[in-house]
Amino acid sequence: MARYTDASCRLCRREGEKLFLKGERCYTNKCAVQRRAYAPGQHGQQKKKLSEYGVQLREKQKARRFYGVLESQFRKYFEIASSKKGITGENLLQVLETRMDNVIYRMGLAGSRPEARQLVRHGHFTVNGQKVNIPSYIVKVGDAISVRDKSKSSPKIKAVREAAGRVVPKWLEFDAENLNGKVVALPAREDIDIPIREHLIVELYSK
């Protein structure tokens, strides 16, 4: 399966803000955005005025990179969002938020979305008692998510829990002692704290 394998910090620098792809490192003075607050590459420090299309494109790329989604996946999610009732941009964010890897991150079981994606792929979690190892799996309201019994003693899971301090959003429930949670509602726009102007993405795909 195709995936991004280059340096994660380059993506943050390209978008000009933290995408929180490196977990705890993003909160320290080692963060690449703080140390080199300009785009990577030979011409990264040059100031460029973006066109309307350029602004829309950058917003789409930023959303993709926040959630770690490839272009073809992102297009598919947009089509799903546009077929639903309601506001297309908010529907799009809702679909992205309910990906399995993002839910694991939101519950505080991973320090970053890339780390959550890896943990899901390695089969550490179940949904309604069934092992799920597909990061793009879309959870539904009422789904019960748990760390597998044999994974609870994993040093990786223990380290993540000890370092965790993230506030779990209200559309999720999480029991830190038993390492399980539940999807109690679909995320509303006010529940999503990512700085994305989703209307620009809708405008881009509507051209």
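For the reader, a short list of remarks on this structure follows.
- Residues located in segment 146-171, provided they are under 15 Å from the mean Cα position of the chain (by Cα), farther than 15 Å from L96 by Cβ and at pLDDT 90 or above: V168
- Conditions (1) aliphatic (A, V, I, L, M); (2) more than 20 Å from D175 (Cβ to Cβ); (3) assigned by TED's automatic domain parsing to the domain that holds K158: number failed by V120: (2)
- Residue within segment 157-169 that is of a type outside the set (D, E, K, R) and either assigned by TED's automatic domain parsing to the domain that holds G89 or touching a Lys or Arg at 6+ places or on another chain (Cβ under 8 Å) (or both) present: yes
- Among (1) in contact with a Phe, Trp or Tyr (Cβ under 6 Å, 6 or more places away or on another chain); (2) surrounded by fewer than 16 Cβ atoms within 10 Å (Cβ to Cβ) - the single one G123 does not satisfy: (1)
- Test: residue in segment 96-103 that is polar (S, T, N, Q) and either at pLDDT 95 or above or closer than 24 Å to A159 by Cα (or both): yes
- Condition check for Q130: surrounded by fewer than 22 Cβ atoms within 10 Å (Cβ to Cβ) and under 24 Å from E203 (Cβ atoms): no
- Flag for S112 being within 24 Å of K182 (Cβ to Cβ) and touching a His at 6+ places or on another chain (Cβ under 7 Å): no
- Positions within segment 43-98 being in contact (Cβ under 8 Å) with a residue 12 or more places away in the chain, of a type in the set (G, A, S) and either assigned by TED's automatic domain parsing to the domain that holds P114 or outside any helix (DSSP H, G or I) (or both), in sequence order: G44, G68
The values are calculated or read from the model by the stated rules, or taken from the named source; none is laboratory data. Computed from a predicted model, the values in this text were never measured in an experiment. Don't worry about glycine lacking a Cβ; one is built from the backbone with ideal geometry, like all the others, and counts go over all protein chains shown.
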